[in-house]
Amino acid sequence: MSQHSHEPAGQVTRAGFWRSRTGLTFMIFAAAVAAYLLFSHTAHVFQWLPFGLILLCPLMHIFMHGGHGGHGGDAGKQP
């Protein structure tokens, strides 16, 4: 099998934010805050849960569509 890379030859790649020390620290902090809210303020968390689910839909639509080149595909392009 051949190795295929999308990076230009000789370019050094760096790890993304979520794999950096700052990103890992943020994830641990966010997990601790989420556990505190869930265990200490369960009634308040469940009270706002439906609104969080409704808000999640447009946020996922906005942030999950990045980088796919837009809608429409290649149907209208001529070689």
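The values are calculated or read from the model by the stated rules, or taken from the named source; none is laboratory data. Since the model is a prediction, treat every value here as computed from it, not as a measurement. Cβ coordinates were reconstructed from backbone atoms using ideal geometry, including for glycine residues, and neighbour counts include every protein chain displayed. Quick note on the areas: whole protein, heavy atoms, side chains included, nothing else; ligands and nucleic acids left out. Shrake-Rupley method; radii C 1.70, N 1.55, O 1.52, S 1.80 Å.
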Report every pair of residues separated by at least 6 positions or lying on different chains whose Cβ atoms are under 8 Å apart, first residue within the range 19-38 and open to solvent by less than 100 Å² (accessible area, probe 1.4 Å), second not in a helix (DSSP H, G or I).
GLY23/GLY16
Hey, can you tell me all the residues within the range 6-36 that are modelled with pLDDT of 90 or more and either over 30 Å from GLY52 (Cβ atoms) or over 18 Å from the mean Cα position of the chain (by Cα) (or both)?
ALA32, VAL33, ALA35, TYR36
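One line per residue, one yes/no per condition, for (1) at pLDDT 85 or above; (2) over 21 Å from the mean Cα position of the chain (by Cα); (3) part of a helix (DSSP H, G or I):
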site	(1), (2), (3)
HIS4	no, yes, no
PHE39	yes, yes, yes
GLY67	no, no, no
GLY73	no, yes, no
